[in-house]
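The values are calculated or read from the model by the stated rules, or taken from the named source; none is laboratory data. Because the structure is predicted, anything quoted here is derived from the model rather than measured. Positions of Cβ are backbone-derived with ideal geometry, glycine not excepted, and every protein chain shown enters the neighbour counts. Please note that ligands, DNA and RNA were not included when accessible areas were found on the heavy atoms of the full protein model with its side chains. Shrake-Rupley method; radii C 1.70, N 1.55, O 1.52, S 1.80 Å.
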Amino acid sequence: MPEKDLHKFFLSIVFPSILAIILFVLSIFVVILPSFERSIMEKKKEGISELTNIVTSLIEEYNQEYISNKISKAEAQRIALSKIEQIRYGGENKDYFWIIDEYPVMIMHPYRHELINTDLTDYTDANGKKLFVEATKMVKKNGHGFVDYMWQWKDDSTLIVPKLSYVKGYQPWGWIIGTGIYLEDVKHEIKSLKNHQVRIALFISLLLTIILSYVIRQSLNIENKRKKAESKLLLSKQKYKSLVTASSEGTLMILNKNIIFSNIKFSNLIGYDTLQLGSLKFEDIFTAEWEDLISSFDDPKKSQTLETKIKCKDGSEKDVILSVSRIKYATDYGYIIITKEITHQKQIEKETEQLSQELQTSLLLMNQPLKPYVNEIIKCSVETSIEEAVLLMTRKKRNILFVHKENKIIGIINNSDLKKRVLAQKLNTQKPVMEIMTSPVISISENALIYEAVLLLRKKNITHLAIRNQEGEIKGVISYVAIISLQQNAVSYLIKEIELAENSVDLEKVQKRLSVIVNALIESGDKTHNITRIITSVADAIAIRVIQLTIEDIGEAPCDFAFMVMGSEGRKEQTLSTDQDNAIVFENLEPDKLAVAHSYFKKLGKEVSKTLNEVGYKFCDGDIMAQNPKWAQPLSVWKDYFSEWINTSDPQSIMDACIFFDFRCVYGNNTLINDLRLHVNKTIDHKSIFFYHLAQFITSYKPPLSLFGKIIGAKPASNHTYLDIKKILLPITGFVRIYALLSKLHKTNTLDRVEQLYLKQVIDKAMYNDLVLTYNYLMHIRLRSQTWNILQNKTPDNMVNMDELSHIEIATIKKFFASINNLQIKLNFDFKGTL
């Protein structure tokens, strides 16, 4: 250790330790021992004074007998003197009492009989002190007190030693009773105590010296180790700083949630300089959660990859991919984060794919029947005044009005007619609408295609087109603006209509038109991933609108809440045959506020579930819906639910709760859902039995194949063979769910999860390709069958008619059963340890 550090160590550790020992020894001799001496002397003095009081009490007894005339005074005094003369105490039983009168004359002394009846006025001790005169003065003044003098050692008249006597007067008889302690006894006792205390002090000092020596030595070792650790840490710090600085990608290092290093590349990417970044946290610069990132490190040796957004200084966000590595930094863990911005080329590819998809959808929709997009008409009679017609259009929020005579449409009025023929010419608004209507009415059959309607609108240069039913009656209308909006973006058009809907009837109409878009996308060969996302987007928009309308009706919620969806909608994998799987999570409240919250959310859940059922999302057979009070609970209760499911040893209970683990927020405070997901991720740590039961369900799955490899299906009707595609998909979604939970992924969509698992190297490239291909193909078959059923006015379900599948499609499905077998092998290996 350098001399400077050694000097510092001596002053901070060694010197205080030595000083503590010295102060301890001094306290023994300066404070503790003198205190003990005083205490012993006081106890001795207290002892002889108490003994004297006892003798005084004895004399009082005999005086009382004299007063009672039982005996004479002389007899009482004689007996008292006889008794007191015999009293002995002390260690050798040689200490005694003596009595003088107030003159003083010796009345009784057990060892100096020659002094009895002798005048002691001039009696002095070896130092010339008139001790008996002093005793009488003390009693006359105070009634009692202490007198010190020189006296013979007990019964040895040849040895004169210091003595301290306590004297007390007995007034009725004029006696002074005295007894004393030999100071030599006290000194001997104090000396013995001193020796004992010194030995204890020396022992404690020695022990302290040993302990302090050990502490000093350990402190010295720790100090040396600290110096070495600081030196290593400095080298490590310089190494990692060099690594971060030299990286060709935007890189930063985080320790204890603080950014300690970042390079210029990262500063250029985010817009903050290095100094500003040092004051920011992970959540300040990324949309991902730090705790979720840390919890994903099941294997510290492997880097973790995730896609997120970076929050730039200018308020914008950029898509980035993070590659995170955990490193040992001193006694803690640090994290190196390499940030790769998604390239401009990739953005172009995404936009191109999206544009291609929109164009393809729009072109296909042009060949779809017109009927699903027709709106009802509003009409008035020919006698209706212009003013009444305007009020009707305003009330109905329409810009077109049909005119009828005897229930037959003969004309039409729009906003343009009102401007040109009424306002411009200052026409009297009390005149009948017949004077300003346009006639004849241009119409088209409801079975016409959308592109035919577009052609007719352009040919006639009109804004609206009347729609005829099969009987030739005008029953509907469609506008050029609506068709163009539909052509530009069919899904956005539907969602806009959902947002403007005022009741369940309006929403039901939109939901029914969804099958037309899905059919067009299937015929175009679009990806099933995109199709299910579209279906889910519409379902989410409808759920949001239903909740908004319900809240408008019953009032605002008493606290924060989240409307949560599970199952296929939670995974964003809804098809055209789906039921409700939803719930309500609200914030934790004080007990006195819970009743109000439960009452409100019970009503909200009931109304929302009922309206969704009316729109087309049927009730769940298992009653897993927000209308069930069990599934409308505060966050704490939901955490208890998941804890119970995860910790239960009952396989069936775990399987029944599977759909709950695919939850996400559709409406409300998403923080509650994030908190719940974080709880799930923490609770499933090291819960091998939970994953074992989840895996058991999939490993026990048997493909519906006969002994000879023929697909075995159910036969619910006629002689056709039906295959339940949903049941075939369950082992795939279940497999992906297990590893998603194990890897603590936030994604709920099956294909998104598969991609994340591949990036995390949980599955290899071959399994990744098999899962994506199998899932997409089976979902395509399922969606195609459902759209066919709808077009044939049948209720869509998950049963596929095998007679409608080609030999190639059947052979492909059989091949996929082999892929499911590979999933079972991996699960057996990972969760059962057997092949």
Next on the checklist: Compute, for the chain, the length of the dipole vector about the Cα centre, with Cβ point charges of +1 (Lys, Arg) and -1 (Asp, Glu) only. Units Debye, rounded to 20.
Outcome noted: 2240
Checklist entry - Over the stretch 651-774, what is the mean sequence separation of C-alpha contacts under 8 Å (at least six apart), divided by residue count, expressed as relative contact order in percent? => result 20
Next on the checklist: On C-alpha positions alone, give me the angle between the axis of helix 750-759 and the longest principal axis of the chain, in degrees, nearest 10.
Outcome noted: 60
Item to check | Percent RCO, i.e. relative contact order, over the stretch 50-123, from Cα pairs under 8 Å lying at least 6 residues apart | outcome: 17
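Please report, in cubic angstrom per residue, the volume enclosed by the convex hull of the alpha-carbon atoms of the stretch 675-829.
Cα convex hull per residue, to the nearest whole number: 141 Å³.
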Next on the checklist: Give me log10 I(q)/I(0) at q = 0.14, 0.30 Å⁻¹ for the stretch 717-772, Debye formula, one equal scatterer per alpha-carbon, no solvent.
Outcome noted: -0.42, -1.26
Item to check | Ranked order, F24, F817, F15, F203 - accessible area, probe 1.4 Å, largest first | outcome: F203, F15, F24, F817
Checklist entry - Mind checking the angle between helix 528-554 and the chain's longest principal axis? C-alpha axes, 0 to 90 degrees, to the nearest 10. => result 70
Checklist entry - So how tilted is helix 765-791 from the main axis of the chain? Cα-based, degrees 0 to 90, rounded to 10. => result 50
Item to check | Relative contact order (%) - criterion: Cα under 8 Å, at least six apart; region: the chain | outcome: 6
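Within a Cβ distance under 12 Å of I116, other residues only, what is the Lys/Arg minus Asp/Glu net charge?
Neighbourhood net charge equals -3.
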Next on the checklist: Run the reach check for K527 against lysines, Cα to Cα strictly under 22 Å, same-chain hits fewer than 8 apart removed. What comes back?
Outcome noted: K346, K350, K512, K572, K726, K727, K747, K765, K814, K815
Checklist entry - Accessible area of Y617, 1.4 Å probe, to the nearest 10 Å²? => result 20
Next on the checklist: What does the extension gain come out to for S49 and I18, with contour length at 0.36 nm per residue minus their alpha carbon separation?
Outcome noted: 6.6 nm
Checklist entry - Taking only DSSP H segments of four or more residues, each worth -39500 (n - 2.57), what value at 222 nm results for the chain once the sum is divided by all its residues, to the nearest 500 deg cm²/dmol? => result -17000 deg cm²/dmol
Checklist entry - Per residue, how many Å² of accessible area does the chain show with a 1.4 Å probe? => result 53
Next on the checklist: Using a Debye calculation, one point per C-alpha and no hydration shell, please list log10 I(q)/I(0) for the stretch 59-187 at q = 0.11, 0.21 Å⁻¹ in order.
Outcome noted: -0.39, -1.33
Next on the checklist: I need the Kirkwood Rh of the chain: take the reciprocal of the average 1/r across all distinct C-alpha pairs and report it in angstrom.
Outcome noted: 37.8
Item to check | Overall form of the stretch 610-688 per C-alpha gyration tensor (a/c, 1.5; a/b vs b/c) | outcome: oblate
Checklist entry - Cβ under 15 Å from L392's Cβ, L392 left aside: what net charge do those residues give with Lys, Arg +1 and Asp, Glu -1? => result 0
Checklist entry - Can you give the net charge of the other residues whose Cβ lies under 14 Å from the Cβ of I377, counting K and R as +1 and D and E as -1? => result +4
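Order T550, T438 by their accessible area, 1.4 angstrom probe, all chains in place, largest first.
T438, T550
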Checklist entry - Taking the stretch 94-190, which GluC sites (Glu not before Pro) meet the DSSP loop condition and have no more than 16 other C-beta atoms within 10 Å? => result E102
Checklist entry - Assigning unit charges at the beta carbon (Lys, Arg +1; Asp, Glu -1) and nothing else, what dipole magnitude in debye, to the nearest 20, does the stretch 526-661 show about its Cα centre? => result 240
Checklist entry - Roughly to the nearest percent, how much of the accessible area of the chain is carbon and sulfur, given a 1.4 Å probe? => result 54
Item to check | Size of electric dipole in the stretch 646-762: Cβ of Lys, Arg +1 and of Asp, Glu -1, about Cα centre, debye, nearest 20 | outcome: 240
Item to check | Gap separating the Cα centres of the stretch 267-309 and the stretch 108-135, nearest whole Å | outcome: 102
Next on the checklist: Among H113, V30, L676, whose Cα projects farthest towards the positive end of the dipole of the chain, with charges put on the beta-carbon of Lys, Arg (+1) and Asp, Glu (-1)?
Outcome noted: L676
Next on the checklist: Keeping all protein chains in the complex and leaving out DNA, RNA and ligands, what accessible area do you get for I342 with a 1.4 Å probe, in Å² to the nearest 10?
Outcome noted: 10
Checklist entry - Of P172, T578, W98, which is farthest along the charge dipole of the chain in the positive direction, counting Lys and Arg as +1 and Asp and Glu as -1 at C-beta? => result T578
Next on the checklist: What aspartates and glutamates does K702 reach when the alpha-carbon gap must be under 13 Å and sequence neighbours fewer than 8 apart in one chain are set aside?
Outcome noted: none
Checklist entry - Hey, rough spin-label estimate for D101 and T287, points 7 angstrom out along Cα→Cβ, what's it come to in nanometres? => result 11.8
Checklist outcome for this item: Placing +1 on each Lys and Arg Cβ and -1 on each Asp and Glu Cβ in the chain, then taking the dipole about the Cα centre, the residue among L449, I321, C380 whose Cα reaches farthest towards the positive end is L449
Item to check | Estimated FRET transfer efficiency (E85, L193; beta-carbon r; R0 41 Å; 0.05) | outcome: 0.75
Checklist entry - For the stretch 546-585 and the stretch 596-654, what is the separation of their C-alpha centers, rounded to whole Å? => result 10
